[in-house]
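> Right, I'll just put the structure down here and ask away after.
FYI, it's all coordinate maths here, none of it is from the lab. All values reported here derive from a predicted model rather than from experimental measurement. Neighbour counts run over all protein chains shown; Cβ positions are idealised from the backbone, glycine included.
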Amino acid sequence: MASKTYRICTLPGDGIGPEILEQAVRVLQAVGERYDVEFICTDALLGGIAIDETGDPFPPETLAAAKAADAVLLAAVGGPKWDTTDPDKPRPEQGLLGIRKELGLFANIRPVKTYRQLVGASTLRPEVVDGVDLVIVRELTGGLYFGARDRKYDVPGAGVDGAPGQQAYDTMSYSEYEVDRIVREAFRIAKTRRNKVTNVDKANVLESCRMWREVEHRIAGEFPEVENGDMLVDNAAMQLVRNPTQFDVIVCENTFGDILSDEASMLTGSLGMLASASLGSGTALYEPSHGSAPDIAGLGVANPLAQIISVELMLSYSFGMRDAADDIERAIEETLAEGYRTRDLADASVPADKVVGCAGMGDLIVAKVRG
Ligand code: NAD
């Protein structure tokens, strides 16, 4: 009998989803054996496959399974089979948005780390990206994307040359409570890392950001051991490509975080190595940043590492198993150092016998995690 049991709701989804998830679950089971923890993984339907089997991209059974689980491990959804412009037809992405909303996930955590062996994959110079290890903590349920909005037509004077035309607005609105809970999350994460938080806002212009900053400083006062600083979002966009190693944890509003996390993800140059965690008050969700890669689905060549990294995040954030998360991280680093690459990471210099498939990469990581 294992000392602990965790229930994971696994969502294989579409395309390469089932292939990469299979490898991630193998790694998770290897961790379980090593740490005497039982992980009970149960598949549920989400996305295109859920449409095929139930007509609904996010069936109620999946919501119930996700809510009952200790964590949700999602692969990816979508593909040309379900592409449609008909607003009345179900789409796989509705499943994604639905599960994020129903689980009340207010914090999106995106770690960006460059692996020394892959620094050449970035479009930036190796000396700029070598050693990057940062986390963007993005507020996910408020701000500009969720504030009051409107669009009016035939507004006098709003058109070209003084003619009637359209006028539209969106609002960036936050409550103190919303800022408080996301900032706390950022400080909690910083404490498990290098004890540094950079608050990114636009407080020189926006009132909502002035309140954000005030709340951020109040919480920073509760964490004297964590270094805290402010940075305007335009400067942060520049600093991310000028000197990204200066950052540990960045905390920011929804829209700013959306843009900065995509920018930061390109520091690595390897989509197949990026994962994210979305945390809320209940079950958290872990997923790779890439999509379902329908172009390579079923070929056995998909890179499972981003999915495996999402297991690492789950162990660390949901189960506090940081040693186990470190084991996986070390296994990935060693495997890359030994020269093994999946096809997406392999350039012409990689010898053919070091290019491995999805299961081959899984085997290498599992063997190292077992020790
Ligand atoms: P994608 O991320 O699926 O693929 C982009 C490119 O990267 C492709 O060439 C693909 O082969 C490659 N790639 C992606 N992941 C890889 C991996 N693990 N290993 C090796 N190569 C990998 O993006 P896309 O092509 O724009 O979208 C394909 C489908 O995925 C669409 O239906 C889209 O809506 C969906 N999508 C889903 C999510 C999600 O589930 N979170 C996110 C983005 C896109």
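> Taking neighbour counts of Cβ atoms within 10 Å as a proxy for exposure, in what order, fewest first, do S175, S208 appear?
S175, S208
> Can I ask one more? So which chymotrypsin sites (Phe, Trp or Tyr not before Pro) in region 1-59 end up in coil per DSSP with only 16 or fewer other C-beta atoms within 10 Å?
none
> If each residue of separation counts as 0.36 nm, what is the full-extension length gain between R188 and M238 once their alpha-carbon separation is subtracted?
That works out to 15.4 nm of additional length.
> Something else: Quick check on region 80-168: take the gyration tensor over C-alpha atoms, sort the square-rooted eigenvalues as a ≥ b ≥ c, and tell me if it's rounded (a/c under 1.5), prolate or oblate. Could you put the intermediate results ahead of the total?
Numbers: a/c = 2.22, a/b = 1.64, b/c = 1.36.
It is prolate, given that a/c is not under 1.5 and a/b is the larger ratio.
> Follow-up question, since we're still on this one. To make sure I understand, if each residue's beta carbon is the centre and we count other beta carbons within 10 Å, what order do E38, E216 fall in, fewest to most?
Lowest count first: E38, E216.
> How do the peptides 360-367, 63-70 rank, highest first, by the average count of neighbouring beta carbon atoms within 10 Å per residue?
360-367, 63-70
> Computed FRET efficiency, Cβ-Cβ of R343 and R125, R0 30 Å: what is it to the nearest 0.05?
According to the calculation, E is roughly 0.75.
> Need the full-extension length gain, R151 to E207, defined as separation in residues times 0.36 nm minus the C-alpha distance. One decimal, nm. Please list the in-between numbers first.
On the way: separation 56, 0.36 × 56 = 20.16 nm, distance 2.25 nm.
Value of the extension gain: 17.9 nm.
> Can I ask one more? Can you list the lysines whose alpha carbon sits under 20 Å from that of K4, skipping same-chain ones fewer than 8 residues off?
K67
> Helix 358-370 sits at what angle to the longest principal axis of the chain, using alpha carbons and giving 0 to 90 degrees rounded to 10?
80
> Ranked by Cβ crowding within 10 angstrom, fewest neighbours first, how are D353, D52 ordered? Working shown, then result.
Values: D353 8, D52 13.
By the 10 Å Cβ count, ascending: D353, D52.
> Extending each Cα 7 Å along its Cβ direction at E33 and L299, get the distance between those two points in nm, one decimal.
Result: 3.1 nm between the two label points.
> Is region 16-137 best put as rounded, prolate or oblate by its Cα gyration tensor, with a ≥ b ≥ c the root eigenvalues, rounded for a/c under 1.5, and otherwise prolate when a/b is larger than b/c, oblate when not?
oblate
> I want to verify a result. In a Gaussian network model of the chain, Cα cutoff 10 Å, which of these has the top mean-square fluctuation: N195, N235, N204?
Top of the fluctuation ranking is N204.
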